[in-house]
Amino acid sequence: MPFSSKVVVKAPATTANLGPGFDVFGMALEHPSDKVTIAPISKGIGIKVYGLAADTIPTDPEKNTAGVVAEHILKEFSLKTGLMIKLEKGIPSSVGLGSSAASAAAVAFGLNHLFSLQLDYKQLIQLSAKGEIASAGFEHADNVSAAICGDFVVIKSYSPLEVIHLKSPSNLDVCIAIPRVPTLPKKTEKARSVLPKTVSMEKLRHNVGHAATMAVGFAVGDVALIGKAMSDAIVEPARAFMIPGYQKVKEMALKAGAHGVAISGAGPAMMAIVDSSNAVASKVARAMEEGFKSAGVSAEAFYTKPGKGVSLLEAKG
């Protein structure tokens, strides 16, 4: 029997890749976030979705990342119960801010508490990653790792899973710009389908050098170095055509004071790294908005900071 009758969990938005770290780098954001409520019921898995774009998110447990994770945990741990999962979405879906990862991570974390499963962060990540099959078609752990751990993560290895967690510099701000463009069906799969099957040694050297530099930037707390490392020679060039105004957004953000700019995950949102001590975050956010506008696309832009991982808001016995 469960140790609680209900848990309420907060799960953060995340940004992945950060330029050169395809499927390897992830970072949790302080804002926006989801609130997920999980309660045992007699049988089956029910999913209710509220909030942003609620009508676009499937409630079939086999097609929802939260449902996939829940079904897997119930089966793996032989839990003879049903579940009601309520997703209050504050994270916009299908824009590159880890909406599906937040749902998956929240359920893994919440069920761990609800049934006192005593899972460590690595097990939580592995279980959460299974939910990504529902949205991306395969398991990937960059967003869910950041959602579980918070701050910045490096996935050193997928098999076996090894994740390195680094604190973010206190003076790091993150600007996000989300263009209002139609969402492609199976967007992440489409974004992956355009990637090159082979890469040159020159481009490989570029990405390895920049990825290593970014990890060092986080390790020593150097925001300028982190931003300088946000250059990708492989994935972003192949995806840029999918984001109207991509080049202009980058140019205008850098001119406004950003240290680096990249596509957030599979996009179409873009993110920029800013040093908060320079007090230019609002200026950079506006510049990114204007960059999209110059391509005839309206956008929502805001700034936030790296955030903590999933957390327990409430537990009722």
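No value in this document is a laboratory result; all are computed from the given coordinates. Since the structure is predicted, the reported quantities are computational estimates derived from the model, not experimental observations. No Cβ is skipped: glycine too gets one built from the backbone with ideal geometry, and neighbour counts run over all protein chains shown.
The table below lists the values:
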item	result
Relative counts (whole %) of C-alpha pair distances in the chain, using bins that are 10 Å wide	6, 29, 35, 21, 8, 1
Degrees between helix 65-76 axis and first principal axis of the chain (Cα, 0 to 90, nearest 10)	40 degrees
The chain: calculated mean residue ellipticity at 222 nm from DSSP helix runs of at least 4, using -39500 (n - 2.57)	-11000 deg cm²/dmol
Percent of beta bridges antiparallel (DSSP, the chain, rounded to nearest 5)	85 percent
Alpha carbon centroid spacing (whole Å) that separates the stretch 230-244 from the stretch 291-317	22 Å
Kirkwood Rh, Cα atoms: Rg over Rh of the stretch 24-177	0.96
Neighbour net charge for Val174 - beta-carbon separation under 13 angstrom, K R +1, D E -1	-3
Cα-based helix-to-principal-axis angle, 121-136 vs the chain, degrees rounded to 10	80 degrees
Rounded to whole Hz, the Karplus (6.51, -1.76, 1.60) HN-Hα couplings of the stretch 161-171, x for glycine and proline	5, 9, 10, 9, 10, 10, 5, 8, x, 5, 9
Rounded, prolate or oblate (a/c below 1.5 giving rounded, otherwise prolate when a/b exceeds b/c) for the stretch 172-304 by Cα gyration tensor	oblate
Those residues of the stretch 247-285 whose amide nitrogen sits under 11 Å from the label point placed on Leu52, 7 Å along Cα→Cβ	269
